[in-house]
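Enquirer: Here you go, one structure.
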Amino acid sequence: MYKLVLILFCLLLGTTAFSQEKFIPQESKELPKSLKTNRDVRDSISDRSSKKVVKNEKANIKDYLIISRENDSIQLDTTLSIYKEYKFNYLRKDDFALLPFSNMGQTYNTLTKDFNSNALQPSFGAQAKHFNYMEMADINYYHVPTPLTELLYKTGFEQGHLLDAFFTVNTTKQFNFSIAFKGMRSLGKYVHVLSSSGNFRFTTNYKTKNKRYVARAHIVIQNILNQENGGLSDEDILNFESGDEEFLDRPIFDPIFQDAENNLECRRFYFDHSYILKEKDSLNSNKIAVGNVLSLEDKYYQFKQATTNSYFGDAFISSKIFDKVALETFYAEFNARYSNKTLGAFKVNAGYTNYNYGYNSVVVLNNQRITNRLLGSVVSFGGTYEKTIGEFALKGDIGLNLTGDLQGNFLNAQASYSINEDMDVSANLNSNSKAPDFNFQLFQSDYLNYNWENNFKNQNTKQLAFELNSKKFGTLQIDYNSLNNYVYFTKDDSVDGGGVKPFQFDETVNYLRAKLSNEFSYRNFALNNTVLFQEVMDGEDVFNMPQIVTRHSLYYTNEFFKKALFLQTGVTFSYFSSYYMNRYDPLLAEFYVQNTTEIGDFPRIDFFINAKIRQTRLFLKAEHLNSYFTGYNFYSAPNYPYRDFIVRFGIVWNFFL
């Protein structure tokens with residue numbers, strides 16, 4: 001079946017691929033409203049034609065469009081703002097609530113969690129490997145009047161580099177394709193923490209001249225590899241925190257082990273097309289379209305270790321540990337859309353999912369047989385409704401697994417209202433029920449304590465969220481979350497040698513978040529603030545989050561040399577309060593709950609100088625410059641130190657041919 005679908009996909013891809021039915025240019029969401037009004041001055045291409053930048057004199061920045069999977073379009077943004085500073089990292093997105101490990105390309109500890117979800121099926125697992133993993137929603141499509149290239153480069157840690165190269169072109173107004181590769185390799189400051197990753201993506205989209213048939217497709221191939229060392233031993237933690245000069249040379253530390261690595265690989269083929277059966281005109285407001293989606297994804301996770309280590313307990317064998325699990329998923333969807341000027345827009349879809357998760361052999365442990373496969377298929381139904389009435393907008397989504405081996409459903413309802421030009425509000429209700437991730441249900445390993453087969457109940461989440469946006473005062477977001485049948489990993493002290501295992505909480509976890517983001521400016525100075533307050537009211541033993549997470553950037557911007565150089569420089573202060581931070585398990589590539597060691601309450605201060613010259617942005621940062629004088633008690637997870645002071649630089653360069 002896999003080969004048949006792959007052949008079919010390639011044939012379809014060779015003849016056509018998908019764009020949206022229309023482009024809706026809008027301001028980039030990452031820019032503050034105060035900067036949007038002056039965006040054309042800051043961008044590389046203004047509304048006026050530019051002979052110096054592009055050969056096509058009719059092209060302007062508003063013609064370069066980035067299209068999401070949901071058909072939302074934004075203009076290409078080559079400005080330099082504080083939000084570009086926040087996004088200039090390995091993930092290429094704002095990592096405000098993520099705490100990176102010591103080396104670029106390692107995992108992140110999460111300082112908050114969003115339970116808004118429309119998922120119907122369980123995820124693969126190995127969540128610690130998925131921060132740099134590009135899901136279907138992370139793949140964009142493009143429409144450009146001239147060929148566009150973007151190159152990103154950033155230094156790493158000890159013989160480390162990050163390079164992200166991207167190219168897209170419209171061969172005609174109807175057909176576009178893009179090709180990109182993000183590659184990273186970094187040795188790291190500590191022993192045996194090398195990171196290496198590659199994210200290849202190819203996209204294409206097509207529409208007929210009458211725009212009635214539209215199609216798009218992408219191919220993504222990803223590889224994320226990490227050497228694992230288990231962190232520092234408890235004895236070395238004392239040496240690390242002492243700050244003695246001899247221990248500032250980090251390779252002097254002997255980690256818990258030096259012979260393990262884990263790896264996540266994936267291939268995904270995606271195809272989406274639709275046809276408008278009846279199009280609205282000046283006399284008829286009705287519009288009907290039908291569509292089809294095909295997706296095939298094959299991914300595997302493996303853990304290798306040369307010799308066994310007591311850190312994981314006893315093992316079946318004494319050397320050459322090799323754990324590998326794979327997941328193949330095929331998804332097909334048929335959908336129909338109807339829009340009416342009076343009634344609004346409706347969409348219904350019927351989906352079929354076939355999954356194959358597991359291992360190549362059965363395990364018998366303590367006279368219990370642990371299966372090697374979770375096989376099944378699911379037929380699902382979904383619907384969407386959207387309607388705008390003046391300044392009031394409504395949107396609703398529903399999904400339900402009708403038949404098959406997995407139960408699941410979701411409901412998402414959103415209402416927003418624009419009070420005036422300065423302020424708008426929105427409210428969102430989300431309810432989700434789905435099976436726990438596959439590695440909660442089934443896991444096998446050469447280590448005895450890492451073998452289980454569970455029949456957990458569906459995890460149920462409910463979230464009620466409010467958001468207030470104001471140009472003057474910033475953005476306030478509040479959400480309340482209720483979790484039932486919450487599943488989590490933690491140490492199982494009832495077995496010899498310990499071992500991390502999954503458990504299900506039979507009570508309710510209640511979780512409140514409030515986040516305020518704003519910026520104050522005076523002349524060329526600005527203070528950008530983000531403050532997050534969290535409270536776990538029930539379930540503190542199984543769900544831990546810091547009460548306070550905050551980030552403040554004080555910076556200066558100005559133009560020099562007859563506006564040829566745009567300069568941005570300042571300092572960023574980050575902090576989170578002390579709490580029982582989750583530990584990291586490199587065998588599972590998961591974080592697990594612990595309630596013995598508190599981590600946090602240490603500041604991080606970065607100094608940055610960024611500049612923009614035409615379509616080139618330069619970034620220079622002194623990271624964690626306070627590490628030498630505020631104490632060596634900084635960790636990304638228990639036994640895993642955070643980064644020392646380091647100076648790194650990088651560049652983002654756009655070419656408009």
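The values are calculated or read from the model by the stated rules, or taken from the named source; none is laboratory data. This structure is a prediction, so every number in the text was calculated from the model and none was measured. Reconstructed Cβ throughout: ideal geometry from the backbone, glycine too, with neighbour counts over all protein chains shown.
Enquirer: Which residues, counting only those in the range 634-657, are closer than 25 Å to residue 590 by Cβ and not aliphatic (A, V, I, L, M)?
Expert: Residues of the range 634-657 that are closer than 25 Å to residue 590 by Cβ, as a first pass: 634-643.
Those that are closer than 25 Å to residue 590 by Cβ and not aliphatic (A, V, I, L, M): 634, 635, 636, 638, 639, 640, 641, 642, 643.
Enquirer: Then there is this: Is there a residue in the range 119-133 that is touching a Cys at 6+ places or on another chain (Cβ under 8 Å) and not acidic (Asp, Glu)?
Expert: Within the range 119-133 (the criterion being touching a Cys at 6+ places or on another chain (Cβ under 8 Å) and not acidic (Asp, Glu)), the answer is yes, since at least one residue qualifies.
Enquirer: What are the residues in the range 479-504 that are aliphatic (A, V, I, L, M) and surrounded by fewer than 16 Cβ atoms within 10 Å (Cβ to Cβ), if any?
Expert: Listed by number, the list holds a single entry, 495.
Enquirer: Okay, moving on. Output the qualifying pairs, or none if there are none: Cβ atoms under 8 angstrom, residues six or more apart or on different chains, first residue in the range 636-657 and free of Cβ contacts under 8 Å to residues at least 40 places away in the same chain, second residue among the polar types (S, T, N, Q) and in a strand (DSSP E or B).
Expert: No pair meets every condition.
Enquirer: Examine the range 308-324 for a residue that is aromatic (Phe, Trp, Tyr) and either free of Cβ contacts under 8 Å to residues at least 24 places away in the same chain or loosely packed, with under 15 Cβ neighbours inside 10 Å (or both), and state whether such a residue exists.
Expert: Yes, that holds for at least one residue.
Enquirer: For the range 600-657, give me every one of the strands (runs of 3 or more DSSP E) that falls completely inside it and has 3 or more residues that are in contact with a Leu (Cβ under 8 Å, 6 or more places away or on another chain) and farther than 25 Å from residue 191 by Cβ.
Expert: Result: 604-613, 646-656.
Enquirer: Being surrounded by fewer than 15 Cβ atoms within 10 Å (Cβ to Cβ), within 24 Å of residue 586 (Cα to Cα) and modelled with pLDDT of 50 or more, is that true of even one residue in the range 97-115? It would help to see each step written out before you state the result.
Expert: From the range 97-115, those surrounded by fewer than 15 Cβ atoms within 10 Å (Cβ to Cβ) are 113-114; that's our starting set.
So of that shortlist, the ones also within 24 Å of residue 586 (Cα to Cα) come out as 113-114.
When the remaining residues are screened for being modelled with pLDDT of 50 or more, the result is 113-114.
Among the residues of the range 97-115, at least one is surrounded by fewer than 15 Cβ atoms within 10 Å (Cβ to Cβ), within 24 Å of residue 586 (Cα to Cα) and modelled with pLDDT of 50 or more, which makes the answer yes.
Enquirer: Filtering the range 138-179 down to residues that are buried (at least 16 other Cβ atoms within 10 Å of the Cβ) and among the small types (Gly, Ala, Ser), which residue is nearest to residue 61 (Cα to Cα)?
Expert: Taking the candidates together, the pick is 178.
Enquirer: Hey, among the residues in the range 130-177 that are among the small types (Gly, Ala, Ser) and either touching a strand residue (DSSP E or B) at 6+ places or on another chain (Cβ under 6 Å) or modelled with pLDDT of 95 or more (or both), which one's nearest to residue 624 (Cα to Cα)? Can you show your working first?
Expert: In the first step, residues of the range 130-177 are kept if they are among the small types (Gly, Ala, Ser); the result is 137, 156, 160, 165.
Narrowing the set further to residues that are either touching a strand residue (DSSP E or B) at 6+ places or on another chain (Cβ under 6 Å) or modelled with pLDDT of 95 or more (or both) leaves 156, 160, 165.
Numbers: 156: 15, 160: 18, 165: 28 Å.
The extreme case among them is 156.
Enquirer: What pairs can you find where one residue is in the range 383-402 and in contact (Cβ under 8 Å) with a residue 60 or more places away in the chain and of a type in the set (D, E, K, R), the other is surrounded by 15 or more Cβ atoms within 10 Å (Cβ to Cβ) and assigned to a strand (DSSP E or B), and their Cβ atoms are less than 6 Å apart, with a gap of 6+ or different chains?
Expert: Matching pairs, first to second residue: 397/384; 397/412.
Enquirer: Give me the strands (runs of 3 or more DSSP E) completely within the range 346-394, filtered to those with at least 3 residues that are more than 18 Å from residue 334 (Cβ to Cβ) and among the hydrophobic types (A, V, I, L, M, F, W, C), ordered by residue number.
Expert: Correct list: 363-365, 373-389.
Enquirer: Before we move on, is residue 90 modelled with pLDDT of 95 or more and assigned to a helix (DSSP H, G or I)?
Expert: It is false that residue 90 is modelled with pLDDT of 95 or more and assigned to a helix (DSSP H, G or I).
Enquirer: Is there a residue in the range 272-295 that is in contact with a helix residue (DSSP H, G or I) (Cβ under 6 Å, 6 or more places away or on another chain) and crowded, with 20+ Cβ neighbours inside 10 Å?
Expert: Scanning the range 272-295 turns up no residue that is in contact with a helix residue (DSSP H, G or I) (Cβ under 6 Å, 6 or more places away or on another chain) and crowded, with 20+ Cβ neighbours inside 10 Å.
Enquirer: Is it the case that some residue within the range 463-478 is closer than 30 Å to residue 316 by Cβ and touching a strand residue (DSSP E or B) at 6+ places or on another chain (Cβ under 8 Å)? Steps first, answer last, please.
Expert: First, pick out the residues of the range 463-478 that are closer than 30 Å to residue 316 by Cβ: none.
Checked against the condition, which is being closer than 30 Å to residue 316 by Cβ and touching a strand residue (DSSP E or B) at 6+ places or on another chain (Cβ under 8 Å), the range 463-478 yields no hits at all.
Enquirer: Looking at the structure I just gave you, is residue 514 among the hydrophobic types (A, V, I, L, M, F, W, C), surrounded by 15 or more Cβ atoms within 10 Å (Cβ to Cβ) and within 23 Å of the chain's Cα centre (by Cα)? Break it down into steps so the answer makes sense when it comes.
Expert: Details: among the hydrophobic types (A, V, I, L, M, F, W, C): yes; surrounded by 15 or more Cβ atoms within 10 Å (Cβ to Cβ): yes; within 23 Å of the chain's Cα centre (by Cα): yes.
So residue 514 passes the test.
Enquirer: Let me ask another. Which condition number does residue 310 fail, the rest of (1) modelled with pLDDT of 95 or more; (2) closer than 29 Å to residue 639 by Cβ; (3) over 24 Å from the mean Cα position of the chain (by Cα); (4) among the hydroxyl-bearing types (Ser, Thr, Tyr) being met?
Expert: The failed condition is (1).
Enquirer: Also: So which of 601, 585, 644 ends up being acidic (Asp, Glu) and crowded, with 19+ Cβ neighbours inside 10 Å?
Expert: Working: 601 fails: crowded, with 19+ Cβ neighbours inside 10 Å; 644 fails: crowded, with 19+ Cβ neighbours inside 10 Å.
When all the criteria are applied, what remains is 585.
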